[in-house]
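Quick note: the coordinates plus some simple rules give every number you see, no bench work behind them. Just so it is clear, the structure is predicted and the values come from calculations on it, not from any experiment. No Cβ is skipped: glycine too gets one built from the backbone with ideal geometry, and neighbour counts run over all protein chains shown.
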Amino acid sequence: MARNGTKSRLFVRGSRWWADLRAFSDVGGKREPLVARGENLATTDREVAEVLLGDRICELHERRRNKTLLGIEDDATLAEYASQHLVLKAKSGNFTEKWLQESEHRLRRATEFFGADRSLSSIGVKDVQGFSNWLQELPSPRGGTLSPGTVRHHLNSLSNLFRRAQSENSVPPGHNPVASLIDKPVAQEGEADWLEVHEAALLLEAARYHVSSKRDPLSFMHPLIATYLLTGGRTQEVLGLEVGDVSFDRKIVTFRPHAHRRLKTRSARRNVPLWPQLSNILQEYVFGGESPAGEGLLFTSSRTGAMVRDFRKPLDGIAERAGWKAGEIRSKMFRHTYCAARLQTLDHGAPVSPFTVAKELGHGGDSLVKRIYGHLGEIRQRSEVMEYRVEHHRELLGDRLTVLSRSGDASTP
């Protein structure tokens, strides 16, 4: 059995192997358990212990080299640095709470794979490739495994951490193993889901019949869906609108940063036309009560009075009433729907410019409209205004509209 002393690098405690690395105390070496990846306790296998010891010695030699040649005093561990990295991101004020939560989740997975005490400088390209392969085998919430796009997001979060580490001299200059990885997973591209004009009109009509309940207290699904379909706003942009952002006099809807939420990019601050159909719906919603709402969020949770976070359940109920299945209709589709329908409208008698539509969507240029958001539908809406009215599409909707009208009559108080 190995002797427990400073000259002995392997020793046993109980039945488990430890390493005495106090010879590297200048770079963090100490007595420590030799734990294999995926395990919680030190190994009981001497051969495994010897391999782990060799890897750890190489890591400490690398730390000493970095300290001597590059002046890197603090070779931070992954868990420690990830925590610091996220705190600084939050303090910058440039990132939403949701973005920070997602980044934390991804970096927690990286820590789980590499180990909390793994030094940043010891993580190489081969290690990152192993992390990528590991992620691709993890189960996804919807069944199957994580998609290539989700894996890519994890790698991007880790790469961003290494960029900060380089800037703070916590790793050698240029040390970003994620950036050096040649074969990164790529998200599978395909046409996004969206609604034809007549389908959007049917969904909006179904929302008009929506009745809130104790289990489903959101009473504003009709104006909410109308605002999505008739502004092209992103999910959080619409949920974060304030009453003052809707100007019935100037006929515009303003998307700007609020305490409730930030905007995705600088170009996301914009004015969008308040189309007549949306104006009528929102006027009834805002001024239809006993007293008009003068300030605060346009759409608030009746339970908390705060910004709405999730409305998928009532949206599913509305979609099912109109003939879709639960889960088929989601708010992201509404942005694509607006873009597709808006591109078919006229601007002073001429086809609207893609750049105009891009500005309404909050893009800096029209490339995303041409490449992703523009969809060629079967219905041409050649008018000066954006609108979704079922009376314009009765022949196309046929029985679906008839069934909807009957169910609406049955549910009307």
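For the reader, a short list of remarks on this structure follows.
- Loop GluC sites (Glu not before Pro), segment 304-371, which have at most 16 other Cβ atoms in a 10 Å radius of their Cβ (DSSP): 328
- Value of Rg/Rh across the chain [Cα atoms, Kirkwood radius]: 1.11
- Computed over the chain, the per-residue total of -39500 (n - 2.57) for DSSP H runs of n ≥ 4 gives a 222 nm mean residue ellipticity of -13000 deg cm²/dmol, rounded to 500.
- GNM flexibility winner over the chain from 362, 232, 54 (Cα, springs under 10 Å): 54
- Computed about the Cα centre, the dipole magnitude for segment 115-233 is approximately 440 debye when only Lys and Arg (+1) and Asp and Glu (-1) carry charge, each at its Cβ.
- A straight line joining the Cα centroids of segment 138-165 and segment 96-113 runs 9 Å.
- Among 274, 86, 34, residue whose mean-square fluctuation peaks in a GNM of the chain (springs only between Cα atoms under 10 Å): 34
- Checking the Cα-Cα distances for 89/264; 98/264; 264/359; 251/332 against a 20 Å cut-off, the pairs over it are 251/332.
- Among 355, 336, 138 the positive-end extreme of the charge dipole of the chain (Cβ point charges): 138
- Among 132, 159, the ranking by other beta carbons within 10 Å of each residue's beta carbon, starting with the fewest, stands as 159, 132.
- Relative contact order of segment 78-167, defined on C-alpha pairs under 8 angstrom at six or more residues apart (%): 33 percent
- Fewest neighbouring Cβ atoms within 10 Å first, the residues 355, 334, 220 line up as 355, 220, 334.
- The order of 127, 399, going from fewest to most other C-beta atoms within 10 Å of their C-beta, is 399, 127.
- Ratio Rg/Rh [Cα only; Rh per Kirkwood] for segment 10-70: 1.02
- Residue 252 long-range amide H proximity, modeled H, under 5 Å: 247, 274
- Calculated over segment 41-166, the projected area of the Cα convex hull averaged across directions stands at 9.6 nm².
- Choice from 137, 237, 39 showing the highest fluctuation, given a GNM over the chain with Cα pairs closer than 10 Å: 39
- Two-decimal Rg/Rh across segment 123-162, once Rg and the Kirkwood Rh are taken from alpha-carbon atoms: 1.00
- Residue 133/residue 385 FRET efficiency (R0 51 Å; Cβ-Cβ; nearest 0.05): 0.45
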